[in-house]
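Derivation of every value follows stated rules applied to the coordinates shown; laboratory data play no part. Bear in mind that the values here come from a model prediction, so they are computed numbers and not experimental data. Don't worry about glycine lacking a Cβ; one is built from the backbone with ideal geometry, like all the others, and counts go over all protein chains shown.
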Amino acid sequence: MALTPSADRGAPVLARQHRLTRLGFGAAPIAGLYTAVDEDTAAATVDAAWAAGVRYFDTAPHYGLGVSEQRLGAALAARPRDEFVVSTKAGRLLVPDDRGGSDDEAGFAVAATHRRVWDLSRDGIRRSLDGSLTRLGLDRVDVLYLHDPEDRLDEALATAIPALAELRDEGAVTAVGAGSKDAAALTRLVRAGGLDVVMVAGRYTLLEQPALTDLFPACAAAGTDVVAAGVYNSGLLAAPDPDPAGTYEYDAVPPPVLARARDLAAVCAEHGAVLPHAALRFPLRHPLVRSVVVGMRSPAEVRQNAAWLDAPVADELWAALEDRGLIAAGAATATAAP
């Protein structure tokens with residue numbers, strides 16, 4: 001289903017040109033998130049996503065200090081531009097830095113050639129987009145998100161969101177939004193108006209659904225679409241048997257969270273499913289969720305995620321999860337993913 005801008009701005013914009021595929025390609029891993037990925041593997045991973053029918057690709061300057069944008073742009077360079085959607089993000093500028101070493105502190109196995117500087121001013125947003133277009137090798141992006149604004153909401157509302165809207169009105173981008181793992185912050189931004197789409201990371205997943213309380217009703221009222229990211233909760237739900245040495249919120253897994261993930265996995269197994277299959281399919285059951293963006297680092301991961309997306313999950317599984325209090329009331333019957 002295509003992205004549509006808020007109702008008070010008239011006819012859909014992206015709907016005239018693109019479809020946002022149900023599976024979106026998250027390009028952080030090809031920039032060395034957690035572990036290094038070489039350029040050939042990165043290119044092959046994007047190629048595999050294209051072969052699987054993925055046409056929505058998401059990136060950000062933050063991912064690998066621009067490496068994600070560079071690699072994604074190179075891999076898409078030969079593709080017909082009108083056949084895919086690209087989103088990137090603004091809020092952090094990349095400033096050259098000769099300190100050496102790697103970007104391990106931010107979780108990326110790449111050389112620390114730059115440092116990140118927060119800048120939510122009008123000029124900062126525009127400079128961020130210009131830098132992204134250069135790294136991507138594109139003349140436009142389709143969606144520009146404000147990235148992780150939760151600790152700077154007053155500034156976001158005062159300068160960044162108006163700057164995004166200005167770029168949209170000028171035709172420099174087609175749609176604007178905000179991406180965050182903070183559902184309350186996204187709710188405040190949506191209620192302020194002006195956003196076409198939000199990317200909610202980790203807050204509407206099989207493990208937890210706080211976005212249902214305020215964010216989704218606010219999006220429904222404003223005509224703001226939702227993209228669900230972080231649906232494996234930083235990796236915890238990515239394996240059939242959750243690993244105590246895995247990651248949650250990009251950190252160690254708290255014991256209660258691990259126990260809940262294992263309960264989810266056990267119910268999935270009872271109904272002939274594996275945990276990551278159910279985790280991928282679950283967000284798309286909600287009518288507001290247009291796409292699930294999944295970070296992928298290899299062709300094998302792409303093929304596996306595409307297969308899970310195409311394979312249905314028995315309705316009885318959702319009902320069982322709700323009956324046992326493992327998903328929010330009503331989530332089991334929100335809507336059936338096609």
Cβ-based exposure ranking for Tyr34, Tyr63, in which fewest neighbours within 10 Å come first: Tyr34, Tyr63
Stretchable slack from Ala311 to Ala109, in nm (0.36 nm times residue separation minus alpha-carbon distance): 69.4 nm
Ranking of Arg115, Arg81 by count of other Cβ atoms within 10 Å, fewest first: Arg81, Arg115
Over the chain, with a Gaussian network built from C-alpha contacts below 10 Å, which listed residue (Pro61, Pro244, Pro299) shows the highest mean-square fluctuation? Pro244
Expected output is a single nm value to one decimal: the length gained when fully extending between Val117 and Ala329, i.e. 0.36 nm times separation in residues minus the C-alpha distance. What is it? 72.2 nm
For each of Leu326, Leu136, count neighbouring Cβ atoms within 10 Å of the residue's Cβ, then give the residues from fewest to most. Leu326, Leu136
Candidate cut points under trypsin sites (Lys or Arg not before Pro) in the range 127-235, DSSP loop plus at most 16 other Cβ atoms within 10 Å of their own Cβ, are Arg140
Given the C-alpha centroids of the range 225-262 and the range 120-150, what is the distance between them in whole angstrom? 29 Å
Antiparallel bridge percentage (DSSP; both residues within the chain; nearest 5): 20 percent
Springs between alpha-carbon atoms under 10 Å, Gaussian network over the chain: tell me which of His277, His147, His114 tops the mean-square fluctuations. His114
